[in-house]
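See structure below.
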Amino acid sequence: MKFLEYPGMEAINSALNFETPECKVFGRVEPYSCKAAGADKKLFKQLENKYDPTSTTNLNNNILSPPEDDSIRNIISPFGPMDQPASRKTLFYLIGTLNASFPDYDFSDTKPEHFRKEPSVGIVVNSINATLFNHGNERAVKELQIWESIDQLIDLEDSDVYSFNPDTDSDPNDEEGGGTLWSFNYFFYNRKLKRIMYFTMRGVSYGVPVDEDGEEDDGNFSNTDDDQDGVGHRRKRSNMDDDFVAGDMDMS
């Protein structure tokens, strides 16, 4: 996934980091192009081998028995049947966005059921606005007009919205001992523009150390995730991706 530079995002992201009497709030909005970089090739191949019953690897190595073949075809995800290329591509884009946004972690094991397709853009916008208003930050919506800026880049009316709802130990916004009180992860996905807008926020209790960049200090748990595996766990990324040279990959 390719991060898109957009000057208006700097002011928005600055406004999404603030303090309330109850907690510190950390938020960010990140636009990405769905034009995959070279480092995404391994992820795409892995997902194809896992969910495509007709993949060359599966057929040559007889990885899938007929019951397993049927089970893949019967998986109904938030993106549609996983034996369909469009469904697998959407899952790839969302996982790729998480990997790009949290470069220290590997989300390649995240499963379709950890995502949800939201009923409408309007419902999600109202929910985010309510969160900001309830925490005393009307300025981000009314003065900075964050949704107008986001709409210019992603065209909200023509976008789908997905949320990421992992287990507690799989949430990138809820490190062990991190003091996260609440969080959300939304992906605004415009298929025509081939862009994703990742919008995440979290409320962190006071008393949690933060570094100079305003992020939580993970010094107390930097080694706790190294061996985590399974459904969507935040595995620490190893050097396994070093062999994949950056470059563009046509996903159209």
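All other residues whose Cβ lies under 14 angstrom from that of Ala86 are scored, Lys and Arg at +1 and Asp and Glu at -1, for a net of +2. Site pair Lys142 and Ser127 shows an inter-label distance of 2.5 nm when each label is modelled 7 Å from Cα along Cα→Cβ.
Rounded to the nearest 0.05, the FRET efficiency derived from the C-beta distance between Glu19 and Trp182 at R0 = 25 Å is 0.95.
In a fully extended conformation the segment linking Ala86 and Val208 would gain 39.8 nm over its present Cα-Cα distance, using 0.36 nm per residue.
Using a cut-off of 11 Å between beta-carbons, work out the net charge of the residues near Gly136 (Lys and Arg +1, Asp and Glu -1, Gly136 not included). It works out to a net charge of -2. One quarter of the convex hull surface built on the alpha carbon atoms of region 81-178 amounts to 8.0 nm², the projected area averaged over directions.
Protein heavy-atom surface of region 107-162, 1.4 angstrom probe: 40% of the accessible area is carbon and sulfur, with nucleic acids and ligands not counted.
Take the alpha carbon atoms of region 1-37, find their center, do the same for region 116-135, and report the distance between the two centers in whole angstrom. First find each Cα centre; the distance between them is then 16 Å.
Pairs exceeding 23 Å between alpha-carbon atoms, taken from Lys117/Lys192; Lys142/Lys192; Lys89/Lys192; Lys24/Lys111; Lys142/Lys194: Lys142/Lys192; Lys24/Lys111; Lys142/Lys194. Protein heavy-atom accessible surface, 1.4 Å probe, per residue over region 1-55: 47 Å².
The values are calculated or read from the model by the stated rules, or taken from the named source; none is laboratory data. This one's a predicted model, so the numbers in the text were calculated from it and none came from an experiment. Positions of Cβ are backbone-derived with ideal geometry, glycine not excepted, and every protein chain shown enters the neighbour counts. Heavy atoms of the whole protein, side chains included, go into the accessibility calculation; ligands, DNA and RNA do not. Shrake-Rupley method; radii C 1.70, N 1.55, O 1.52, S 1.80 Å.
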